[in-house]
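Derivation of every value follows stated rules applied to the coordinates shown; laboratory data play no part. Quick caveat, the model's predicted, so the values are computed rather than measured.
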């Protein structure tokens, strides 16, 4: 069975040619490389911002939390904190029987 060399689609051959051209190797090099060190820094900053937001949300919910160093407590007990979040996520998943997006 011989297949035609040119494929036809609704958008015309021009669209197929563009897709083929995009699939070829490129000489483009990004101006920076993402190293594990950079990823670790970004993750640490993200966690710190998350803890800060949680402190602010709790303080708005109940002013009592404004005087408690929630961010420091979360940082000190980080392992237990993430395990509790994971456990609550699993409980919610079992309750609603579908993943969260």
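Compute the length gained on full extension between residue 34 and residue 47: take 0.36 nm times their separation in residues and subtract their Cα-Cα distance, giving the result in nm to one decimal.
Additional length available on full extension: 2.8 nm.
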Going by a ≥ b ≥ c, the root eigenvalues of the Cα gyration tensor, does segment 32-96 fall in the rounded group (a/c under 1.5), the prolate group (a/b larger than b/c) or the oblate group? oblate
